[in-house]
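Written below as structure tokens is the structure these notes are about.
The values are calculated or read from the model by the stated rules, or taken from the named source; none is laboratory data. Note that the structure is a prediction, hence the values are computed from the model and not measured. Here Cβ is always computed from backbone atoms with ideal geometry, including for glycine, and neighbour counts include all displayed protein chains.
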Amino acid sequence: MKKECVIYRLFDDQEEKHYLNSSLNHQKLEELVDQYKKENKDQVIATEFINFLHKFDPDAMEVEVRDFYF
């Protein structure tokens, strides 16, 4: 069985770009962002959101993306 890895690019309310690895689908992440916003006064900070996300996806993590040339 092949395990799929999805990397999401997100911009938080501080206009910083982050990359998130999560096993959750896009719709579920949108629902969790809405829930997170309600608990955090409509502001999303990526690192805090990823910590919140661990309740629902323990393997979620921020990833660093680098260029690779060959």
**Request:** For the range 36-49, name all the residues that are without any contact (Cβ under 8 Å) to a residue 24 or more places away in the chain, loosely packed, with under 13 Cβ neighbours inside 10 Å and not basic (Lys, Arg).
**Result:** 39, 42
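Would you check if residue 12 is of a type in the set (D, E, K, R) and surrounded by 15 or more Cβ atoms within 10 Å (Cβ to Cβ)? Outline the logic, then answer.
On the way: of a type in the set (D, E, K, R): yes; surrounded by 15 or more Cβ atoms within 10 Å (Cβ to Cβ): yes.
Judged against the criteria, residue 12 is a match.
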**Request:** Just give me the residues in the range 5-24 being free of Cβ contacts under 8 Å to residues at least 12 places away in the same chain and assigned to a loop (DSSP other than H, G, I, E, B), in sequence order.
**Result:** 15
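Determine which member of the set 52, 70 is within 12 Å of the chain's Cα centre (by Cα) and either modelled with pLDDT of 90 or more or surrounded by 15 or more Cβ atoms within 10 Å (Cβ to Cβ) (or both).
Details: 70 fails: within 12 Å of the chain's Cα centre (by Cα).
Result of the check over 52, 70: 52.
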